[in-house]
1. Could we say that Asn63 is within 22 Å of Ser92 (Cα to Cα), at pLDDT 95 or above and in contact with a strand residue (DSSP E or B) (Cβ under 7 Å, 6 or more places away or on another chain) here?
2. Look through Lys31, Lys59 and report the one residue that is at positive phi and out of contact with any helix residue (DSSP H, G or I) (no Cβ under 7 Å at 6 or more places or on another chain).
3. Looking only at the range 1-25, count how many residues are more than 20 Å from Phe51 (Cα to Cα) and open to solvent by 30 Å² or more (accessible area, probe 1.4 Å).
4. Just need a number here: residues in the range 4-25 that are out of contact with any Leu (no Cβ under 8 Å at 6 or more places or on another chain), closer than 26 Å to Ser44 by Cβ and polar (S, T, N, Q).
5. Tally time: how many residues in the range 37-95 are within 10 Å of the chain's Cα centre (by Cα) and more than 15 Å from Lys2 (Cα to Cα)?
Amino acid sequence: MKQKILNLLGLATRAGLLVSGEDIVIDAIQKKKAKIVFIGSDASDNTVDKFQKKCFHYKIEVNTMFTSEELSRSIGKTRMVLAIVDLGFYKSIKKYLGGVENEG
């Protein structure tokens, strides 16, 4: 299941429906475009705390089940934080998250 989610992240990247990088993801959260935010499980406590608080405030789901290396490999760029900005991809990912334990 985890691999299917990572594959969907790669597809969303190629479709232009995923944003990555701290500043861009924060902007997407504040504009309520982000549907789900992925934070690398190995991110610093400050990074995790910052994004969890921001997402809680804007009622956006957070997921920390993948390492930054797994996230980076799936999108082809070195990133610690990603956000899906498309409802269709979010729903597809959500289906798979139902079968996988979510830490976030």
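The values are calculated or read from the model by the stated rules, or taken from the named source; none is laboratory data. The structure displayed is predicted, hence computed values, not measured ones. Note that each Cβ is placed from the backbone with ideal geometry, even for glycine, and that neighbours are counted across all protein chains shown. In case anyone asks, the SASA skips ligands and DNA or RNA and just uses the protein heavy atoms, side chains included. Shrake-Rupley method; radii C 1.70, N 1.55, O 1.52, S 1.80 Å.
1. Numbers: within 22 Å of Ser92 (Cα to Cα): yes; at pLDDT 95 or above: yes; in contact with a strand residue (DSSP E or B) (Cβ under 7 Å, 6 or more places away or on another chain): yes.
Against the criterion (within 22 Å of Ser92 (Cα to Cα), at pLDDT 95 or above and in contact with a strand residue (DSSP E or B) (Cβ under 7 Å, 6 or more places away or on another chain)), Asn63 qualifies.
2. The unique qualifying residue is Lys59.
3. So the count comes out to 10.
4. Looking only at that region, the number is 1.
5. Residues that pass the stated criteria total 9.
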